[in-house]
1. Suppose each label sits 7 Å from its Cα in the direction of the beta carbon; what would the residue 3-residue 278 distance come out to in nanometres?
2. What is the Cα centroid distance between region 202-275 and region 85-123, reported in whole angstrom?
3. Per the Kirkwood definition applied to all pairs of different Cα atoms, how many angstroms is the hydrodynamic radius of region 26-67?
4. What is the spin-label model distance, in nm, from residue 194 to residue 207 if the labels are put 7 Å beyond Cα along the C-beta direction?
5. DSSP beta bridges in region 3-277, what fraction antiparallel, as a percent rounded to 5?
6. Going by average Cβ neighbours within 10 Å, how do the peptides 102-111, 141-150 rank, with the highest at the top?
7. Highest mean first, what order results for 212-222, 16-26 on Cβ atoms within 10 Å?
8. How much length would be gained if the chain were fully extended between residue 177 and residue 33, taking 0.36 nm per residue of separation minus their Cα-Cα distance, in nm to one decimal?
C-alpha cells in the first residue's frame, strides 16, 4: 500500500473502497468484508449513501484493529448548519459503530456549510474526528473556505478521471496543502472509457486492465482514489496496482484525454445546484 500524509500529519491510504450506490444490506456487508480481507483499509461511505450501518457491521465482523482502518463518511446538505451537523455526525458515528472518524467531509458546497465547518472544527479539536475536509468544492469555494476559517481542509474529494483531470484544481490544492481525492475514477464507464484506444494500448503494454492503468495514473499523481466494485475479482484487480509504474511518456499520453469537463454535471450550473437543493 502507498500512503499520503495529510496537512495535519495523519497518514492515509492512497487506495480505498467507495460504497456509493451499494444500498443492499447483504451486498454492502459482503463487499466491505471482502475488501478488508483483500487488504483494503480505507473505506469511504456517506450519510447520503444510506449504508453506514452496513459498513459498520462489516467493520465489526472483520475484527481488524481500529487503528489499522481509515473510515470516511460525509455530511449531507440537508444537515448543514452548526447544530444539525453535530447531530448528523453523532448519528453517523452510531450507525458505523465507531468511537471516532478518521475523516469527515462536507458532501456538497451547498447550504450553511460555514456553520457545519465550525461544528467540525470543534469535533476535530475534541478528538472525535482525525481530519476534516470537503467534497465537490470547486477552487473558488475551496479558497473561500480556506481564507475564512481556522482549520485548513485536509481533503477535497472531487471527480477526477482521464476525461476530467482537474489539473488546474490540483495546482491550487498543492499550493494550499489540501490533498486531492478522486471519486468516479472510471467515470462510471461513460465515454466508453473501457474501450478507449489510448488506455487500451497502455494497458496492453503493461499487461494490466484499463481500470488498473487509470488507478496507477491517479496514484502517480499522488491522488487518493476510492474505486467501487461489488465483484470480488474486480476488488482484487483494483488493489493489484502497486507492482508497476507508468512511464512519463504514458502519463503524458493519458493527459491528452482531458476534456476539462465533468462526465456527470457542473457545480457551476444553476440548474444542477437547484436539483441538488431539491434533494434535501
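Bear in mind that the values in this text are calculations on the coordinates, not laboratory data. This one's a predicted model, so the numbers in the text were calculated from it and none came from an experiment. Here the Cβ positions follow ideal geometry from the backbone for every residue, glycine too, while neighbour counts run over all protein chains shown.
1. 4.5
2. Cα centroid to Cα centroid, the span is 28 Å.
3. Taking every pair of different Cα atoms in region 26-67, averaging 1/r and inverting gives 10.4 Å.
4. 2.3
5. Counting DSSP beta bridges with both partners in region 3-277, the antiparallel share is about 15 percent.
6. 102-111, 141-150
7. So the order, starting with the most tightly packed, is 212-222, 16-26.
8. Contour length minus Cα-Cα distance gives 48.5 nm.
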